[in-house]
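Below: one structure, written as structure tokens.
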Amino acid sequence: MANDGNSNDNRKNRKGTGYCKPPREHCYPPGTSGNPRGRPRGSKNKLVRLDDWRVDDMILEEVFRNVKLRENGRLVEMPVLRAAVRTMAIQAANGNVRSARTLLHAVFDVMGRRKKLNDAYRETVVEYINEANAEIAERKARNQPIDHISPHPEDVLWDEEMALPYFPDPATQPSLEENRQMLATFDTLKENLEKLQAEASSAEEVAELRSLFANLMENRKLLESKIKRQESQQEQEKRTGKS
């Protein structure tokens, strides 16, 4: 055993050997490669070319891939993109100036783009309403029917939450009978509001009831107009069927 230890020490202390300097007897002979199946000498790196669509798909797949994170002591699952945005928002809330600046820029960018889209959509709807009203006025002046105009300008609805007009789906619109029932309900509400106004004890209550009454009458007028159009369309369908 002692001789073996001495021989190892002698090899370690051999001149010219050590870290990154193996003994000469363990080296490959000159001209012999340690990796004979490796890349040929002089060959160039090959560029991997990816199609743009393929790269886009990869990015979208990764950012919308669900991951599990620990939040408030429990595991939650969310897309990678949401996790990144949430991390940035938390850092901003904790006083990270860079994260706060990045988050604010992103928020303002989203709000700006949505405002442009909303403004463009609102302008389109308003343009349609104006053109439809002009056509209706022209047809009325010539005593021509206006039943074919769909959607009718008065039927364009307003989304209070989004603050945008929208076109109703004809398949989901109330039928003529349903609108007649709604008109009867409006008339009942009108009578009740008139009674409440007569019994009101304060100026504030009277003002509130008058506002409700005016809103009711405006909607009743629109409903009456819609019922008349539906009745006219129904009559026209009957005449077409008989002929």
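The values are calculated or read from the model by the stated rules, or taken from the named source; none is laboratory data. Given the structure is predicted, the values throughout are model-derived calculations rather than measurements. Note that each Cβ is placed from the backbone with ideal geometry, even for glycine, and that neighbours are counted across all protein chains shown. These accessible areas exclude ligands, DNA and RNA; they are computed on the full protein's heavy atoms, side chains included. Shrake-Rupley method; radii C 1.70, N 1.55, O 1.52, S 1.80 Å.
Only one of the numbered conditions (1) over 39 Å from the mean Cα position of the chain (by Cα); (2) closer than 24 Å to Arg229 by Cβ; (3) without any contact (Cβ under 8 Å) to a residue 24 or more places away in the chain is not met by Lys190, and that is (3). The set of residues from the stretch 35-52 being small (Gly, Ala, Ser) and modelled with pLDDT of 70 or more comprises just one member, Gly38. Got a sec? Which of Arg101, Arg86, Arg113 is in contact with a helix residue (DSSP H, G or I) (Cβ under 9 Å, 6 or more places away or on another chain) and at pLDDT 90 or above? Result of the check over Arg101, Arg86, Arg113: Arg101. If only residues of the stretch 162-178 that are closer than 27 Å to Thr124 by Cβ and of a type in the set (S, T, N, Q) are counted, the one that is most open to solvent (accessible area, probe 1.4 Å) is Thr172.
In the stretch 115-153, the residue that is farthest from Glu235 (Cα to Cα) out of those that are among the acidic types (Asp, Glu) and open to solvent by 80 Å² or more (accessible area, probe 1.4 Å) is Glu123.
When the residues of the stretch 210-243 are filtered to those that are among the hydrophobic types (A, V, I, L, M, F, W, C) and at pLDDT 85 or above, which remaining residue is most open to solvent (accessible area, probe 1.4 Å)?
Leu212
A residue that is under 26 Å from Leu157 (Cα atoms), of a type in the set (A, V, I, L, M, F, W, C), under 36 Å from the mean Cα position of the chain (by Cα) and surrounded by 12 or more Cβ atoms within 10 Å (Cβ to Cβ) occurs nowhere in the stretch 201-209. Scanning the stretch 153-185 for residues that are among the β-branched types (Val, Ile, Thr) and in a helix (DSSP H, G or I) turns up Thr172, Thr185.
Hey, which of the helices (runs of 4 or more DSSP H) in the stretch 48-152, taking only ones fully inside, have at least 3 residues that are over 26 Å from the mean Cα position of the chain (by Cα)?
Numbers: elements: 52-63, 80-93, 97-141.
Filter on the stretch 48-152 gives 97-141.
Cβ separations smaller than 7 Å between residues 6+ apart or across chains give the following pairs from the stretch 122-147 residues that are farther than 18 Å from Ser225 by Cα to residues that are not hydroxyl-bearing (Ser, Thr, Tyr): Arg122/Leu164; Arg122/Pro165; Val125/Val156; Val125/Pro165. Please determine, by comparing only the residues of the stretch 96-114 that are under 25 Å from Leu164 (Cβ atoms) and charged (D, E, K, R), which one is most open to solvent (accessible area, probe 1.4 Å). So the residue we want is Arg114. Condition first: surrounded by 12 or more Cβ atoms within 10 Å (Cβ to Cβ) and under 29 Å from Asp159 (Cα atoms). Can you find one or more residues in the stretch 60-71 that meet it? Within the stretch 60-71 (the criterion being surrounded by 12 or more Cβ atoms within 10 Å (Cβ to Cβ) and under 29 Å from Asp159 (Cα atoms)), the answer is no, since none of the residues qualifies.
Being part of a helix (DSSP H, G or I), open to solvent by 90 Å² or more (accessible area, probe 1.4 Å) and at pLDDT 85 or above, is that true of even one residue in the stretch 189-196? Within the stretch 189-196, one or more residues are part of a helix (DSSP H, G or I), open to solvent by 90 Å² or more (accessible area, probe 1.4 Å) and at pLDDT 85 or above.
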